[in-house]
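Colleague: Once you've had a glance at the structure underneath, I'll fire off some questions.
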Amino acid sequence: MTPNINKKGIVKILPLFIFTSIPILSFSTDSETERPPNLLIIMTDQQRYDALSYAGNTILKTPNMDRIAKEGVWFKNAHTPCAVCAPARASMFTGRTVENTGVISNSEAYDTETPGIMTMQTYDEILADNGYTCEYYGKWHSPPSHGRIYKNPVTATTTTELGPSMKKHYLNFLDPLFPKKDLQEGEFYDTYTLRPYLANPIDSRYDLASRGEDTSEKPGQSDIHGVTSIPVKYHISAHEAGETLEALERLKDSTFSLTCSFHHPHPPFLATETYINMFPPDSMIIPESINDDMSNSPYLSIKNGFSPMYSDPEKIKYFISEYYALVKEIDDHIGEILDKLDSLGLTDNTLVIFMSDHGEMMGSHGMRTKNVFYEESSHIPLMMRFPGRIEPGTKVDSYISTLNVFATIFDYFEMPHQESDGFSLKGLIEGTDEKNGKYVVTEWLSSLTTKPSHMVIKDGWKLMIPDSSATDVMKALYNLNDDPFEMNNLLGNNPDAYKYQAKVAELEYCFVEWLMNSRGIAFPAVSNSQLQNKKEISVFPNPANDEVSIRVATNLLPATIELLSLDGRVILQESIHSEYTSFSVSNIDQGIYIHRFIGTEKQVNTGRLWIE
């Protein structure tokens with residue numbers, strides 16, 4: 001059963017059950033001897049959209065990530081389905097929404113008992129059913145049952161039969177090559193590898209000794225910052241890349257799907273000396289929003305839970321330095337992987353997809369980590385390369401989610417359509433899709449009473465929508481066109497919030513369309529046969545709140561919408577002056593009503609509305 005997102009809304013949402021029966025698929029090839037294409041997924045963890053020189057970063061140079069974009073396509077407005085690891089990955093792997101996978105938090109990545117969690121197949125499971133050799137290296141962080149199809153022991157969690165945990169697997173590699181050492185002055189053991197690192201000023205243990213405080217505390221990964229003592233050649237990113245290079249050599253004569261899932265730039269934020277020296281802290285540019293007081297933000301209480309160090313303009317430079325160093329190291333390894341494809345003659349027949357699961361705040365709004373709908377957390381890099389199928393240097397401005405990767409793989413591989421909640425990106429890449437990409441919706445379902453549950457972006461406008469059960473969570477609207485750093489919420493305590501009612505209604509219309517489609521509910525028709533020239537009217541319940549949303553073609557305005565009882569009494573009447581609007585039904589008794597549109601030319605009974 002899917003989570004009940006709206007418990008007091010005006011439409012009854014039924015439990016959603018997904019039954020899958022995956023047939024063996026066939027490939028469309030030009031000849032009997034042509035080999036099906038290979039798939040190479042390169043994924044980072046916690047890389048924000050602007051940690052990429054192709055996206056305009058002037059300090060961090062990423063020529064190898066850029067190479068994928070230059071030789072293929074770059075998606076300018078790609079977003080994660082959910083700004084935390086396991087839910088994002090579950091949606092990416094299956095093409096399903098967070099609600100439909102049931103993986104609403106990281107906890108479900110370790111769940112081996114609860115029924116109904118991620119019941120659908122991943123793209124790799126489908127490919128394996130069709131003769132692909134599938135291997136996966138690096139961070140998995142998804143329900144363990146879906147890792148059993150890989151030919152290597154996936155390092156999924158600490159509690160599964162798939163193989164050693166990611167930490168143990170790496171330590172098995174590291175221990176004989178770089179044993180544990182004694183601490184030197186200013187050093188601490190990191191909690192992941194138990195190797196020394198030199199703390200920098202934003203590390204939570206940095207100055208404990210000088211203040212006479214206990215230095216034996218074990219901080220969370222996100223509060224560990226500094227320079228690791230581990231040499232570059234033994235660093236975890238080098239290990240993950242090395243396993244991928246060995247796999248390519250081994251799989252070169254087979255049809256494969258291979259994933260290299262880098263742990264970094266996820267915390268602990270410990271870069272090697274070689275790379276961190278490339279980014280002197282004094283040269284780092286601090287976030288524009290670091291001093292945002294967030295007095296009119298739905299995330300004020302979240303921000304107040306972070307250390308003041310993340311609002312310190314000088315200390316945050318150390319964070320940016322080490323973060324860029326981690327990304328730069330990965331970029332060099334990506335170059336090695338791409339070069340290996342070239343040397344093995346695999347480039348022309350391999351679809352390469354580069355993406356990240358979510359971003360990192362890194363001092364923006366004085367915050368760290370992810371878990372919010374701000375751009376730094378939600379907006380991520382996505383590039384694809386497929387020689388001969390994707391035109392080099394293509395840029396897609398449309399709004400998309402990495403949930404759409406699932407459908408895109410099968411479309412480019414010319415395999416039969418697979419059920420998903422997304423759409424193939426091929427049409428947007430080729431410029432033939434005029435329907436999709438107008439907006440994107442992302443989810444946050446694990447703490448409905450403390451944060452907004454959904455985000456919608458369209459035409460540079462972002463709406464953060466609380467769940468109907470969250471009576472104390474603020475709704476937020478940002479105009480990214482004028483306010484790219486999201487410091488001016490146009491709703492909340494803004495005295496001019498009423499001026500943006502039409503924009504809110506427009507974005508809520510997109511949300512409801514997305515929500516109903518993802519739940520398999522037929523979306524109300526937007527045109528009425530009694531109206532001439534396909535003039536549009538759409539009236540529908542909005543699960544985001546106790547309102548009815550309305551869309552009316554602008555050539556029919558101004559107009560009036562009436563709600564009538566079944567005996568013809570007018571219960572409610574609202575004037576309409578913009579294409580999108582809404583009205584509250586919270587004070588109307590439960591029952592079935594008729595909604596009637598009265599325009600300048602026509603009077604039409606447009607249908608019935610059931611208020612529950």
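Colleague: Can you sort ARG48, ARG368, ARG148 by 1.4 Å-probe accessible area, starting with the largest? Present the calculation step by step, with values, prior to reporting the outcome.
Modeller: On the way: ARG48 20, ARG368 45, ARG148 145 Å².
Ranked list, largest accessible area first: ARG148, ARG368, ARG48.
Colleague: Give the Rg (one decimal place) followed by the Dmax (whole number) of the range 362-406, computed from C-alpha coordinates and expressed in Å.
Modeller: 14.5, 45
Colleague: Go through LYS317/LYS370; LYS181/LYS317; LYS180/LYS340; LYS139/LYS340; LYS167/LYS303; LYS317/LYS438 and tell me which ones have a Cα-Cα distance over 27 Å in this structure.
Modeller: Numbers: LYS317/LYS370 18 Å; LYS181/LYS317 29 Å; LYS180/LYS340 33 Å; LYS139/LYS340 21 Å; LYS167/LYS303 30 Å; LYS317/LYS438 36 Å.
Beyond 27 Å: LYS181/LYS317; LYS180/LYS340; LYS167/LYS303; LYS317/LYS438.
Colleague: Which value, in nm² and rounded to one decimal, describes the direction-averaged projected area of the C-alpha convex hull of the range 135-196?
Modeller: Details: hull surface 19.8 nm².
Taking a quarter of the hull surface, the average projection is 5.0 nm².
Colleague: Which percent of the accessible heavy-atom area of the range 193-351 goes to carbon and sulfur, probe 1.4 angstrom?
Modeller: 49 percent
Colleague: Now for a separate question. Rg/Rh for the range 56-187: what does it come to with C-alpha atoms and Rh from Kirkwood?
Modeller: Values: Rg = 18.3 Å, Rh = 17.4 Å.
Rg/Rh for the range 56-187 comes to 1.05.
Colleague: Just the Kirkwood number for the chain, please: inverse of mean 1/r across all distinct Cα pairs, in Å, one decimal.
Modeller: Values: mean 1/r = 0.0387 Å⁻¹.
Radius from the Kirkwood sum: 25.9 Å.
Colleague: Additional query: Carbon and sulfur: what percent of the range 437-479's accessible surface (1.4 Å probe)?
Modeller: Details: 590 of 1220 Å².
The value for the range 437-479 is 48 percent carbon and sulfur by accessible area.
Colleague: Quote the FRET efficiency, to the nearest 0.05, computed for LEU177 versus ASN517 with a Förster distance R0 of 45 Å and r equal to the Cβ-Cβ distance.
Modeller: Values: r = 51 Å, r/R0 = 1.13.
Efficiency, rounded to the nearest 0.05: 0.30.
Colleague: Just want the answer: with Cβ charges of +1 for Lys and Arg and -1 for Asp and Glu, which residue in MET43, ILE59, MET120 is farthest toward the dipole's positive end in the range 39-137?
Modeller: ILE59
Colleague: What's the percent breakdown of Cα-Cα distances in the range 251-297 across 10 Å bins, shortest bin first?
Modeller: Taking all Cα pairs of the range 251-297, the binned fractions are 16, 25, 25, 21, 9, 4 percent.
Colleague: What dipole magnitude, in Debye to the nearest 20, does the chain give about its Cα centre under +1 on Lys/Arg Cβ and -1 on Asp/Glu Cβ?
Modeller: Numbers: 52 positive and 81 negative charges, 204 e Å.
Using Cβ point charges on Lys, Arg, Asp and Glu, the chain gives about 980 debye.
Colleague: So in the chain, what percent of DSSP beta bridges are antiparallel if you round to the nearest 5?
Modeller: Working: 58 of 85 bridges.
Percentage antiparallel, nearest 5: 70.
Colleague: Mind listing the Cα extents of the range 351-445 along all three principal axes, in Å, largest one first?
Modeller: Cα spread of the range 351-445 along its principal axes, largest to smallest: 45, 29, 22 Å.
Colleague: Can you give the translational diffusion coefficient of the range 399-489 in µm²/s, computed by Stokes-Einstein from the Kirkwood radius over Cα pairs at 10 °C and 1.306 mPa s? Intermediate results must be reported in sequence, preceding the final value.
Modeller: Details: Rh = 15.1 Å.
Answer, rounded: 105 µm²/s.
Colleague: Taking a probe of 1.4 Å, how large is the accessible area per residue of the chain, in Å²?
Modeller: Here the per-residue accessible area is 40 Å².
Colleague: If you count, for each residue, the other Cβ atoms within 10 Å and average over each peptide, how do 267-273, 243-249 line up from highest to lowest?
Modeller: Working: 267-273: 24.4, 243-249: 18.3.
Final packing ranking: 267-273, 243-249.
Colleague: Taking the Cα centre as origin and putting +1 on Lys and Arg beta-carbons and -1 on Asp and Glu beta-carbons, what dipole magnitude results for the range 315-399, to the nearest 20 debye? Write down the numbers at each step before the final one.
Modeller: On the way: 9 positive and 14 negative charges, 59 e Å.
About 280 debye.
Colleague: Oh, and also: In the chain, with Lys and Arg counted as +1 and Asp and Glu as -1 at Cβ, which of these residues, ILE561, PRO176, MET464, has the Cα nearest the positive end of the dipole, that is, farthest along it?
Modeller: ILE561
Colleague: As an exercise, use a Förster radius of 45 Å and the Cβ-Cβ distance of GLN573 and THR114 to find the FRET efficiency, rounded to the nearest 0.05. Can you show the working numbers first?
Modeller: On the way: r = 48 Å, r/R0 = 1.08.
Efficiency, from the Cβ-Cβ distance: 0.40.
Colleague: Placing +1 on the Cβ of each Lys and Arg and -1 on the Cβ of each Asp and Glu in the range 112-258, which of LEU245, PRO201, VAL154 has its Cα farthest towards the positive end of the resulting dipole?
Modeller: My answer, from the dipole projection, is LEU245.
The values are calculated or read from the model by the stated rules, or taken from the named source; none is laboratory data. Every value quoted in this text rests on a predicted model; they were computed, and no experiment measured them. Positions of Cβ are backbone-derived with ideal geometry, glycine not excepted, and every protein chain shown enters the neighbour counts. For the accessible areas, the whole protein counts, side chains as well, though only heavy atoms, and no ligand, DNA or RNA atoms are used. Shrake-Rupley method; radii C 1.70, N 1.55, O 1.52, S 1.80 Å.
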